[in-house]
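Nothing in this text is a laboratory measurement; each read-out follows from the coordinates by a stated rule. Remember, it's a predicted structure, so these values are computed and weren't measured experimentally. All Cβ positions, even for glycine, are placed from backbone atoms using ideal geometry, and neighbour counts span all protein chains on display.
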Amino acid sequence: MIKVLLTGSEGQLGFSIKDLQPKGVQLVSLNKNQFDLSKINKIKKNLEAIKPDFIINCGAYTNVDMAEDEKETVMDINANSVKEIALYLKKHGGSLIQISTDYVFDGLNSYAYKVSDKVYPLNQYGFSKARAEKFIQEILGESNQGIVIRTSWLMGTISNNFLLKMIKMHQTKKEINVVSDQISCPTSTKTLSEACWKVIKLKLEKDFYKNKFMPILHWCDNGVASWYDIAIAIGEISAKNRLVDSPAIVNPINSENYPTKAKRPRFSLLDCTSSREFLGLEGEYWRKSLEDSIKSIAEK
Ligand SMILES: NC(=O)c1ccc[n+]([C@@H]2O[C@H](COP(=O)([O-])OP(=O)(O)OC[C@H]3O[C@@H](n4cnc5c(N)ncnc54)[C@H](OP(=O)(O)O)[C@@H]3O)[C@@H](O)[C@H]2O)c1
């Protein structure tokens, strides 16, 4: 039986990864206290005790605005820890799935970013995630032991995410202002978890990665949207599922009118074409994914 270590197990993605655990896998799910990525000098020892065949690294410092003021902590949790993990795997064997982000790009493109496009992060969070990608490429690149999966605008059924915040807004406000000039695609934690487990399944298929390997994958749901579009969809779908009586009016605003500490890319859509082909997975239209998530929140 293969042993998979999941870090950040109590985050929204960690929650879905656990939920979709396939048969034949021993999953060691550890939360922040049980496997602390900020404690760099303990990582090697912790891994020596676990001896994982795979690591799905979902633990991360994810508060993009606070990250601007905590550069060192962010760099430790999001990048220096990954370097330690990669060094351990290089020596002892095993593979890493590292979750990365559309925020490694600057958003100046007018077409969806390809896996091979150059990264230019605009904020500390993006910078730390890009640094992690580089460590993986440098340490595990030759041996095909590391796969980076970049995703965008993750939304699951727990945690402090945009979906849950918007449901609350629609429940309590008559009108809300939402940024309409940042464009990407929301991604359900469920579809991303399926992609993570598929990476492991393919890796176990003998010789698959010898003939065909992609060190960086892009995974988001299908389509394109602004935060404004998503906010409207959340209101409509939540009303259909009786989570909201009457959705709030959503007004589109520009990023200038919603100042945040961290700069965000204006257009960070990820081109998933080659990744979907590689994984043999089709992907789900974002609104359908959102419907599934809201339905499951309503059922709870
Ligand atoms: N959310 C998005 O829109 C988005 C978009 C693109 C990529 N990603 C990436 O997707 C991955 C999963 O993110 P998510 O959305 O599931 O975020 P999340 O819900 O914030 O989960 C992150 C988890 O990491 C934990 N964590 C924080 N500091 C840690 C540490 N020092 N050691 C170990 N764990 C620590 C958090 O614990 P606490 O909550 O207790 O701090 C939390 O359980 C991350 O790599 C993130 O960068 C997210």
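Nearest 10 degrees is fine. How inclined is helix 286-299 to the longest principal axis of the chain, computing both from alpha carbons? Value to nearest ten degrees: 80. Phi angles of the range 255-270 translate, via the Karplus equation with coefficients 6.51, -1.76, 1.60 and θ = phi - 60°, into HN-Hα couplings of 4, 4, 8, 9, x, 10, 4, 8, 6, 10, x, 6, 9, 10, 5, 9 Hz per residue; Gly and Pro are given as x. Among the trypsin sites (Lys or Arg not before Pro) in the range 184-276, those placed in a DSSP loop whose Cβ has at most 11 other Cβ atoms within 10 Å are K206, K212, R242. Taking amide H as placed 1.01 Å from N in the peptide plane, I183 has its amide H under 5 Å from the amide H of F267, S268, each at least 5 places away in sequence or on another chain. Residues whose amide H comes within less than 5 Å of that of I216, counting only those at least five positions distant or on another chain, are V148 (H built at 1.01 Å from N in the peptide plane).
Using the alpha-carbon atoms, what tilt in degrees (0 to 90, nearest 10) does helix 162-172 show relative to the longest principal axis of the chain? For 162-172 against the chain, the angle is about 30 degrees. For S100, the residues 5 or more places off, or on other chains, whose built amide H falls under 5 Å of its own are I149, R150, T151. Whole-Hz Karplus values for the range 77-89 come out as 5, 8, 10, 5, 5, 5, 4, 4, 4, 5, 5, 4, 5 Hz, taken residue by residue from phi with 6.51 cos²θ - 1.76 cosθ + 1.60 and θ = phi - 60°; glycine and proline positions read x. Legend: calculated FRET efficiency, Y120 to H92, from the Cβ-Cβ distance at R0 = 35 Å, rounded to 0.05, equals 0.55. Between L20 and K212, the simple spin-label model (points 7 angstrom out along Cα→Cβ) gives 1.9 nm.
Is it possible to state the helix-based mean residue ellipticity at 222 nm for the chain, with each DSSP H run of 4+ residues giving -39500 (n - 2.57), the sum divided by total residues, to the nearest 500 deg cm²/dmol? What is it? The per-residue figure over the chain is -12000 deg cm²/dmol. Using C-alpha pairs below 8 Å separated by at least 6 residues, the relative contact order for the range 218-300 is 51 percent.
Phi angles across the range 197-212 convert, under the Karplus curve 6.51 cos²θ - 1.76 cosθ + 1.60 with θ = phi - 60°, into 3J(HN,Hα) values of 5, 5, 4, 5, 4, 5, 5, 7, 6, 3, 6, 4, 6, 6, 8, 8 Hz, Gly and Pro given as x.
Under the combined filter of DSSP loop state and at most 15 neighbouring Cβ atoms within 10 Å, the range 1-89 retains these GluC sites (Glu not before Pro): E70. Of the trypsin sites (Lys or Arg not before Pro) found in the range 1-81, those in coil by DSSP whose Cβ has at most 16 other Cβ atoms within 10 Å are K23, K32, K39. In whole angstrom, how far apart do the alpha carbon centroids of the range 7-28 and the range 157-194 sit? With the range 7-28 and the range 157-194 each reduced to a Cα centre, they are spaced 22 Å. Ignoring lysines fewer than eight residues from K240 along the same chain, the ones with Cα atoms less than 26 angstrom from its Cα are K165, K168, K173, K174, K190, K288, K295, K300.
Working from label points 7 Å from Cα in the Cα-to-Cβ sense, the L281 to I40 distance is 3.2 nm.
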